[in-house]
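Each remark here refers to the structure printed beneath this line.
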Amino acid sequence: MKTIHEVRNNCGHHSRLFNRNLAAPTAIKRILQPQAAPLVKTKPSPDKNEVDQVNRLYTAAAALQQLLIGLGYDEKMGPVISALFDKYPIALRFKPSMGFPENWREEPLFFS
């Protein structure tokens, strides 16, 4: 809920959202399919391995979609997001900073 609240406030106050560091939704990686896991990686320190960065818009959208499913809404956000990328192709340049993996359209959470 904290992540969704943060996204709402950024949208409501016309703040930049595409590459913002958001609160990472807990346990979201258990919901997402491994082939469509968050794209953005970060190295916390030179001696540690890369870790998934789940504090981006993609995982916030996944958390919101999961919440909608839990509330009984059957409509998927994937086609709407996909249509926005088609309508505004400049946004494709920023997909990595939003956390969208290349194969995000294969994610059943958004499209099945």
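GLY78 sits among other residues whose Cβ lies under 9 Å from its own Cβ, and their net charge, with Lys and Arg +1 and Asp and Glu -1, is +1.
Within the full protein context, the accessible area of GLU102 is estimated at about 140 Å² for a probe radius of 1.4 Å.
Sorting 67-73, 54-60, 90-96 by their mean Cβ neighbour count within 10 Å, with the most densely packed peptide first, gives 54-60, 90-96, 67-73. Geometric descriptor of region 68-112, per residue, is 76 Å³ (volume of the convex hull of the Cα atoms).
The values are calculated or read from the model by the stated rules, or taken from the named source; none is laboratory data. Model, not experiment: these values are computed from the prediction. Positions of Cβ are generated from backbone atoms using ideal geometry, with glycine treated the same way; all protein chains shown enter the neighbour counts. Surface accessibility is based on the protein's heavy atoms, side chains included, excluding ligands, DNA and RNA. Shrake-Rupley method; radii C 1.70, N 1.55, O 1.52, S 1.80 Å.
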